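Engineer: Below is the structure I would like to discuss, written out as structure tokens.
The values are calculated or read from the model by the stated rules, or taken from the named source; none is laboratory data. What you see is a predicted model; the values in this text were computed from it and never measured. Please note: Cβ atoms are built from the backbone with ideal geometry, for glycine as well, and neighbour counts cover all protein chains shown.
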Amino acid sequence: MRSTFSGLELARRALESQQIALDTTGHNIANANTKGYTRQVVNLQATLSDRIPGMGNYLSIGTGVTVKSIERARDIFIDRQFRWENSKYSYWAARENTLMKIEGLLNEPSDNSLSNDLTQFWNAWSVLANNPENLGARSVILERAATLADTLHHIDQQITELQKSLDSSVRVQVGQINNYAKQIQELNHQIKKVQVSGDNPNDLLDQRDALVDELSKLVNVRVVESRDPNFTDREVNIFKLYIGNEKATDQILVDDTKAYQLATPEAAGADGEPFAEVKWGAGHPLAGASVNLGEGSGELHSSILLRGSGFDYDTANGDTKATAHLAYLRDQYNQLAKGIAEAVNAIHKTGIDRDNNSGLDFFDTSVGTITAANIKVNAALISDPWKIATGKVTKDENGNPVGAYGNGEVAKAISSLSTGWTGLAGLTDPVTGAPITTPPPPPLSAASIGDYYGAALAELGVDAQQATRMKEGQAVLVTHMYNQRESVVGVNMDEEITNLVKFQKSYTAAARIVTMLDSMLDTIVNGMGITR
């Protein structure tokens with residue numbers, strides 16, 4: 001006869017198992033709004049059966065239930081897809097943010113923009129063409145030119161500050177990546193200890209997954225987990241975390257309980273100092289080599305591609321707009337400033353001033369190559385506005401050249417640069433008045449100076465629109481993947497309440513078994529063997 005006490009042990013296991021299931025359900029409900037929490041599931045398992053003798057054979061009889069494990073409801077594939085899309089979203093969001101800042105500093109179109117300053121500058125020459133002997137009109141020319149130069153200086157400085165800001169961001173992001181690697185390493189130590197003991201460290205695993213999610217905003221990440229061959233009787237995993245290019249198999253950041261570091265850049269980005277380069281630190285198999293960040297993923301890669309490898313746009317060094325956006329933008333403004341100066345100077349030098357002297361360079365050429373940062377008006381003209389050449393040499397009835405600064409032809413030709421290069425085609429010698437047979441070529445590859453600047457603005461607008469469009473598209477994908485992941489890992493209150501009822505009923509039923517067995521034992525102990 002099987003012992004009655006075995007029934008009590010069966011009931012005890014049932015009560016204990018249902019209690020654990022109830023506690024786990026309560027834990028889920030308590031963390032329903034906890035960020036990064038993963039719903040936990042209790043896996044119940046029947047205990048080993050007993051064998052009791054029967055009629056010529058043995059019978060197996062159940063001994064109850066036990067908790068096999070408490071696991072997280074997690075889908076590795078969905079995690080991988082979410083982090084992939086999250087990296088791409090962060091890349092385009094960071095790119096859009098910077099391009100929007102550029103559009104803001106250009107402030108186009110408005111009364112305080114470069115295009116307005118250009119318009120005012122050309123209009124001032126048009127007014128001077130009609131009033132070449134008016135000193136006030138000459139002063140206005142100098143003021144408009146100075147304003148134009150100051151605006152170009154300001155734009156160049158703002159681009160420089162943006163590059164410095166992005167370089168600082170790169171340095172901060174490198175530090176964040178190193179910090180995440182150390183935190184994940186520490187969690188791996190703790191997780192391994194718990195797994196070796198035979199338990200599931202669910203809350204620690206949630207913390208590690210949350211860190212990997214945050215890291216995916218900075219760089220593309222890839223997690224590889226495998227069973228530790230040193231433990232065959234329990235589940236102990238080896239955790240490896242790779243960053244950057246998916247195709248690169250050696251870009252490991254965390255190798256189980258060992259964390260590698262990115263090299264910390266030594267100098268802060270400033271004039272004459274190098275920009276931060278993202279390289280592997282000492283101890284890594286690729287120590288000293290650049291980190292392969294892949295394409296279009298993470299804030300770090302976005303910052304580097306917008307910033308460029310240096311302040312200036314260097315095609316000889318392999319710079320393109322895709323790899324050095326702000327440096328490319330600065331180069332466009334440098335070309336614009338240089339083109340304005342070359343065209344205006346070429347025409348101005350063919351005219352004569354009030355004293356019948358040949359015109360000087362209107363914009364100062366002593367600075368060397370003229371750029372947006374150094375363009376300025378010739379100081380000699382500022383000191384004496386009458387040196388501004390407004391007219392061309394004419395000829396008298398005998399064909400002799402006669403000074404005529406008052407005819408306004410030079411000022412008119414300069415004013416026409418706003419719409420085309422005809423002013424360059426009609427140049428004459430400032431001494432003889434003879435046509436220049438080989439006029440200088442247009443300094444810009446556009447129909448006019450205004451057309452060149454308009455094309456540059458349109459290009460920037462297209463880039464900003466693309467970033468916005470890509471960010472919005474990625475936001476939809478990230479939201480979709482997040483919702484899909486939440487459907488697996490998130491706490492559904494209706495489902496948990498249902499589980500509460502289910503486990504509570506099971507607990508009550510197990511308690512009734514105890515009551516019944518107590519009654520049976522009372523009969524055996526107190527009732528049997530008594531003579532009535």
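Engineer: Quick one: in the stretch 333-352, of everything that is out of contact with any Leu (no Cβ under 8 Å at 6 or more places or on another chain) and surrounded by fewer than 21 Cβ atoms within 10 Å (Cβ to Cβ), which residue is nearest to Thr428 (Cα to Cα)?
Structural biologist: Glu342
Engineer: Give the number of residues within the stretch 259-277 that are closer than 25 Å to Leu211 by Cα and either at pLDDT 95 or above or touching a helix residue (DSSP H, G or I) at 6+ places or on another chain (Cβ under 6 Å) (or both). I'd like the intermediate steps shown before the answer.
Structural biologist: Applying the first criterion (closer than 25 Å to Leu211 by Cα) to the stretch 259-277 yields 259-265, 276-277.
From the residues that got through so far, the ones that are either at pLDDT 95 or above or touching a helix residue (DSSP H, G or I) at 6+ places or on another chain (Cβ under 6 Å) (or both) too are 259-262, 265, 276.
Of the residues in that region, 6 qualify.
Engineer: Just a yes or no: is a residue in the stretch 238-252 among the basic types (Lys, Arg) and over 25 Å from Ile155 (Cα atoms)?
Structural biologist: yes
Engineer: Criterion first (within 28 Å of the chain's Cα centre (by Cα), in contact (Cβ under 8 Å) with a residue 24 or more places away in the chain, more than 21 Å from Ser487 (Cα to Cα) and part of a helix (DSSP H, G or I)) does Ser115 satisfy it?
Structural biologist: Against the criterion (within 28 Å of the chain's Cα centre (by Cα), in contact (Cβ under 8 Å) with a residue 24 or more places away in the chain, more than 21 Å from Ser487 (Cα to Cα) and part of a helix (DSSP H, G or I)), Ser115 does not qualify.
Engineer: Residues in the stretch 451-499 that are closer than 19 Å to Glu103 by Cβ and buried (at least 17 other Cβ atoms within 10 Å of the Cβ): how many?
Structural biologist: Here the count works out to 10.
Engineer: How do the pairs read when you match residues in the stretch 21-45 that are over 11 Å from Arg72 (Cβ atoms) and touching a residue at least 60 places away in the same chain (Cβ under 8 Å) with residues anywhere that are surrounded by fewer than 14 Cβ atoms within 10 Å (Cβ to Cβ) and not β-branched (Val, Ile, Thr), using Cβ under 8 Å and keeping only pairs 6 or more apart or on different chains?
Structural biologist: The qualifying pairs are Ile29/Met493; Ala32/Met493.
Engineer: Which residue pairs have Cβ atoms closer than 9 Å, lie 6 or more positions apart in sequence or on different chains, and pair a first residue in the stretch 224-244 that is over 16 Å from Asn200 (Cβ atoms) and of a type in the set (D, E, K, R) with a second residue that is in a loop (DSSP other than H, G, I, E, B) and at pLDDT 90 or above?
Structural biologist: Lys240/Asp256
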